[in-house]
Amino acid sequence: MSVEDTGSGTDAVDRVEPPPLSASLDRGEPHGVDVGEEDPLALRLEGLILGAERRYTPFQAARSAGVSMELASRFWRAMGFADIGQAKALTEADVLALRRLAGLVEAGLLSEAMAVQVARSTGQTTARLAEWQIDSFLEGLTEPPEPGMTRTEVTYPLVELLLPELEEFLVYVWRRQLAAATGRVVQAADDEEMVDRRLAVCFADLVGFTRLTRRMEEEELGELVEAFETTAADLVAANGGRLIKTLGDEVLYATDDAGVAAEIALRLIETMANDETMPELRVGMAFGTVTTRMGDVFGSTVNLASRLTSIAPKDAVLVDGAFAEELTRTGEAPASEAEAAEAAAAAEKEGEEPPTYRFALQPMWQRPVRGLGVVQPWLLTRRPGKP
């Protein structure tokens, strides 16, 4: 039943008391706080950031958007907004967002389930971004420049100056990423590959991280994790990979090309080995069909890459058989050193340049891997003389 079915006019809205729902009050105050007890500066900052004042209860916002209370609740929960019952805390922008999402469903551009997925993926991504910006960015910039000034006195004018610039930059980066992701998808060979694609999946894991957490101060540990994540993200992006996620002591990335994934993995180990403050790294990679959902990757290929990481030696890369086959198929690595020597001798006899390989593969002992049966790992290294 739509919200309009319950009656019309302000009186009807005030009389009806729908059940609590998740709505947009996650803006700096604790969950469930009374609106009247909020700090005036917090309210001013909220108004500045949102560009509108609080006007609606969740029920009123749903009715104004022409959206059922049930669907509005699903959208708000998906976006990760806090539970506020029926406090008057929503703005015209909240109404417009509901109207747009519902409009996409009504127009047949998105199913209801897909619209909820859009809300969830956007909410999760931007929530993490907002937390990072407040914790690491604004906190450092709002140090009082003069004695006697408080942090709060500096915050408002700083946000006022930064907000439009950060907003435009966010849209620019999103469009760039959207263009890149769209390009990858449309180049798929067929419709099935647009969802289930063959990718190289890689986990890189810091060795002994649990022991480090017991020995290091929290600030030192945070700096180490940030340095690791920054180094990994930069190397993945620069070499044409896609960073899927970071998990403190571990990063997950994927590429369409096994050779690109191998290059990133070896560069990660080489870069970390040159930094005395960093622990050793171990890397596991697999190649095969991967299901992608909401920017993440799933499936047995991902599980296998994770398992290979857990058994990889320190500062070494282990790959599965499919990954090794892909490198040999594309001429990035010989099937064996004996084959490489034979190819070089044949080329020399014919007066031709011998084939060049970037990587070397060494078969390791087969071993059972939990949930995946017996696996043949291969040790991946650089060929001598290759940068």
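Points to keep in mind about this one:
- Within region 97-121, if we keep just the residues that are open to solvent by 70 Å² or more (accessible area, probe 1.4 Å) and in contact (Cβ under 8 Å) with a residue 12 or more places away in the chain, the residue that is nearest to the chain's Cα centre (by Cα) turns out to be Arg120.
- Residues (out of contact with any helix residue (DSSP H, G or I) (no Cβ under 8 Å at 6 or more places or on another chain) and surrounded by 17 or more Cβ atoms within 10 Å (Cβ to Cβ)) located in region 326-343: Thr328, Ala340
- Region 220-242 - residue that is farther than 22 Å from Phe359 by Cβ and in contact with a strand residue (DSSP E or B) (Cβ under 8 Å, 6 or more places away or on another chain) and, of those, least open to solvent (accessible area, probe 1.4 Å): Phe228
- Of the listed requirements (1) farther than 30 Å from Ser121 by Cα; (2) at pLDDT 90 or above; (3) assigned to a helix (DSSP H, G or I), Ala343 misses just one: (2).
- Answer residue from region 328-340, given it is among the aliphatic types (A, V, I, L, M) and in a helix (DSSP H, G or I) and is farthest from Leu199 (Cα to Cα) among those: Ala338
- Looking only at region 344-387, and only at residues there that are among the β-branched types (Val, Ile, Thr) and open to solvent by 40 Å² or more (accessible area, probe 1.4 Å), the one that is farthest from Ala316 (Cα to Cα): Thr356
- Residue within region 259-269 that is under 27 Å from Ala360 (Cβ atoms), without any contact (Cβ under 8 Å) to a residue 60 or more places away in the chain and open to solvent by 40 Å² or more (accessible area, probe 1.4 Å) present: yes
Yes/no per residue for (1) out of contact with any Pro (no Cβ under 8 Å at 6 or more places or on another chain); (2) part of a helix (DSSP H, G or I):
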site	(1), (2)
Val290	yes, no
Val297	yes, no
Ala305	yes, yes
Glu326	yes, yes
Glu348	no, yes
Pro354	yes, no
Gln362	yes, no
Pro384	yes, no
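- Here is the figure for region 49-83: residues that are touching an Asp or Glu at 6+ places or on another chain (Cβ under 8 Å), closer than 18 Å to Ala130 by Cβ and open to solvent by 40 Å² or more (accessible area, probe 1.4 Å) total 2.
Conditions (1) modelled with pLDDT under 70; (2) within 28 Å of Arg293 (Cα to Cα); (3) of a type in the set (Gly, Ala, Ser); (4) in contact with a helix residue (DSSP H, G or I) (Cβ under 8 Å, 6 or more places away or on another chain), marked per residue:
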residue: Glu131; (1), (2), (3), (4): no, yes, no, no
residue: Asp135; (1), (2), (3), (4): no, no, no, no
residue: Thr142; (1), (2), (3), (4): yes, no, no, yes
residue: Met149; (1), (2), (3), (4): yes, no, no, no
residue: Glu153; (1), (2), (3), (4): no, no, no, no
residue: Pro157; (1), (2), (3), (4): no, no, no, no
residue: Leu161; (1), (2), (3), (4): no, no, no, no
residue: Arg176; (1), (2), (3), (4): no, yes, no, no
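The values are calculated or read from the model by the stated rules, or taken from the named source; none is laboratory data. These figures come from a predicted structure and were not determined experimentally. For neighbour counting, all protein chains shown are included, and Cβ atoms are generated from backbone atoms with ideal geometry for every residue, glycine included. What goes into the accessible areas is simple: the full protein's heavy atoms, side chains included, and nothing from ligands, DNA or RNA. Shrake-Rupley method; radii C 1.70, N 1.55, O 1.52, S 1.80 Å.
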